[in-house]
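I have placed the structure first, in the form of structure tokens, so that the comments after it can refer back to it.
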Amino acid sequence: MKIVVIGTGGVGGYFGGLLCKGGNDVTFIGRGEHRMAILENGLTVKSIKGDFNVKDVQITGNIREAGPADVIIIALKAWQVRPLLDDIASIVKDETVIIPLENGVSTPDELIEKIPSRNIVGGMCRIISMIESPGVITHTGVDPVMIFGELDGALSDRLIRIKELFAASGIDARVSADIKSEMWRKFISICVSGLLAVCRATYGEMREIPQTRQMMRDLMSEIYLLSKAAGVKVEPDYVDKAMAFIDTYSYDATSSLTRDVWDGKFSEIEYQNGTVVRLAERYGIDVPLNRFVYASILPVQRRALNR
């Protein structure tokens with residue numbers, strides 16, 4: 001299979017790196033010093049699961065140059081996808097499968113604006129990773145997993161084949177019969193990122209102080225109630241499970257949105273707490289803590305946009 005990985009950051013670099021290491025035909029889309037370092041020295045992954053380096057990596061800054069793909073993994077920030085829809089559509093064949101791994105729950109709907117729905121599946125991943133320096137990805141927390149599934153819930157042969165190919169390269173890949181619920185489960189927990197940004201605290205700091213630990217729980221509980229109103233199947237004890245999972249993170253762990261806000265960069269806030277606020281208005285759900293987090297980050301977002 002010809003695999004194109006759009007985005008060579010913490011997520012795309014890690015999973016795409018494993019696919020390269022496994023001998024697959026992979027082309028990355030990257031840019032700037034990161035791309036140049038990979039062209040010169042290969043892609044280095046420093047991971048709690050084991051370090052590795054892959055040489056002679058195919059990487060281009062132009063999606064259209066990647067050519068038709070069998071599988072496209074989109075590993076961008078959520079707000080970066082819509083501007084690239086025409087470029088992504090240009091490398092889609094009739095049989096192409098697109099697996100978006102963005103945070104939030106809206107990327108499949110955005111892709112359908114320009115790309116046939118048959119080419120799109122739902123997807124998500126769990127990993128704490130980032131670009132350490134040009135050409136180097138660091139995976140610091142969470143056992144990585146990639147989950148994807150047909151939007152209609154079918155257990156298709158095409159996704160089973162992709163799962164097997166990914167597994168052969170050392171990726172914990174899973175096919176879900178209810179990918180929308182999987183995406184919402186991650187959505188509930190990832191929206192804590194905005195609260196970390198507002199509190200200027202790591203996961204470890206947040207969970208050890210009773211007041212901020214309760215704030216994390218309350219924020220996720222609001223989104224759980226929203227998921228019920230939206231008709232998504234999320235188990236009643238999911239917030240307890242999410243808190244238990246957060247307790248396994250390293251003390252200094254943060255998220256990409258948190259770091260972006262701290263660094264004054266444009267963030268995924270519209271696709272996380274902002275989406276919560278908009279959906280809550282649609283379904284008549286009160287989400288005061290998510291509204292507070294969203295509003296608190298908007299000034300940083302505006303400054304980043306106007307830089």
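The values are calculated or read from the model by the stated rules, or taken from the named source; none is laboratory data. These figures come from a predicted structure and were not determined experimentally. Counting neighbours? That spans all protein chains shown, and the Cβs are built from the backbone with ideal geometry, glycine included. Please note that ligands, DNA and RNA were not included when accessible areas were found on the heavy atoms of the full protein model with its side chains. Shrake-Rupley method; radii C 1.70, N 1.55, O 1.52, S 1.80 Å.
Data overview
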item	result
Out of Ile127, Ile137, Ile147, sole residue that is touching a Pro at 6+ places or on another chain (Cβ under 7 Å) and either under 20 Å from Glu235 (Cβ atoms) or assigned to a strand (DSSP E or B) (or both)	Ile127
Complete set of residues in region 261-281 that are part of a loop (DSSP other than H, G, I, E, B) and of a type outside the set (Lys, Arg)	Asp263, Gly264, Phe266, Ser267, Glu268, Gln272
Region 74-99 residues that are hydroxyl-bearing (Ser, Thr, Tyr), paired with ones that are modelled with pLDDT of 95 or more and surrounded by 15 or more Cβ atoms within 10 Å (Cβ to Cβ) (beta carbon under 8 Å, 6 or more apart)	Ser90/Ile63; Thr96/Ala69; Thr96/Asp70; Thr96/Val71; Thr96/Ile72; Thr96/Asn119
Residue satisfying condition, being farther than 30 Å from Val71 by Cα, buried (at least 19 other Cβ atoms within 10 Å of the Cβ) and free of Cβ contacts under 8 Å to residues at least 60 places away in the same chain, within set Ala242, Ala201, Ala173, Ala229	Ala242
Pairs where the first residue, in region 214-225, is of a type in the set (Gly, Ala, Ser) and the second is surrounded by fewer than 23 Cβ atoms within 10 Å (Cβ to Cβ), C-beta under 8 Å, 6+ apart	Ser221/Val239
Lone unmet requirement of (1) crowded, with 22+ Cβ neighbours inside 10 Å; (2) within 23 Å of Val81 (Cβ to Cβ) for Gly264	(1)
Among residues of region 277-294, those that are among the hydrophobic types (A, V, I, L, M, F, W, C) and closer than 16 Å to Met215 by Cα, counted	4
Out of Phe187, Phe148, sole residue that is aromatic (Phe, Trp, Tyr), touching a Leu at 6+ places or on another chain (Cβ under 9 Å) and open to solvent by less than 10 Å² (accessible area, probe 1.4 Å)	Phe148
Count - residues of region 151-163 that are closer than 16 Å to Ile73 by Cβ and either among the charged types (D, E, K, R) or surrounded by fewer than 15 Cβ atoms within 10 Å (Cβ to Cβ) (or both)	3
Region 50-73 - residue that is closer than 17 Å to Gly7 by Cβ and in contact (Cβ under 8 Å) with a residue 40 or more places away in the chain and, of those, surrounded by the most Cβ atoms within 10 Å (Cβ to Cβ)	Ile73
When residues of region 283-302 are limited to those that are of a type outside the set (Ser, Thr, Tyr) and under 22 Å from Val81 (Cβ atoms), the one surrounded by the most Cβ atoms within 10 Å (Cβ to Cβ)	Ile297
So Leu219, is it at pLDDT 95 or above, open to solvent by 60 Å² or more (accessible area, probe 1.4 Å), of a type in the set (A, V, I, L, M) and not in a strand (DSSP E or B)	no
Filter result for Ser193 (open to solvent by less than 20 Å² (accessible area, probe 1.4 Å), polar (S, T, N, Q) and touching a Gly at 6+ places or on another chain (Cβ under 9 Å))	no
Leading residue by the ranking (surrounded by the fewest Cβ atoms within 10 Å (Cβ to Cβ)) among those in region 83-111 that are in a loop (DSSP other than H, G, I, E, B) and not aliphatic (A, V, I, L, M)	Ser90
Among (1) of a type outside the set (Lys, Arg); (2) open to solvent by 60 Å² or more (accessible area, probe 1.4 Å); (3) outside any helix (DSSP H, G or I) - the single one Tyr249 does not satisfy	(2)
Selection status of Glu235, closer than 22 Å to Val145 by Cα, out of contact with any helix residue (DSSP H, G or I) (no Cβ under 7 Å at 6 or more places or on another chain) and either among the aliphatic types (A, V, I, L, M) or open to solvent by 40 Å² or more (accessible area, probe 1.4 Å) (or both)	yes
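Table: residues versus (1) among the β-branched types (Val, Ile, Thr); (2) within 24 Å of Val142 (Cα to Cα).
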{"position": "Val11", "(1), (2)": "yes, yes"}
{"position": "Cys20", "(1), (2)": "no, yes"}
{"position": "Ile29", "(1), (2)": "yes, no"}
{"position": "Lys46", "(1), (2)": "no, yes"}
{"position": "Ala69", "(1), (2)": "no, no"}
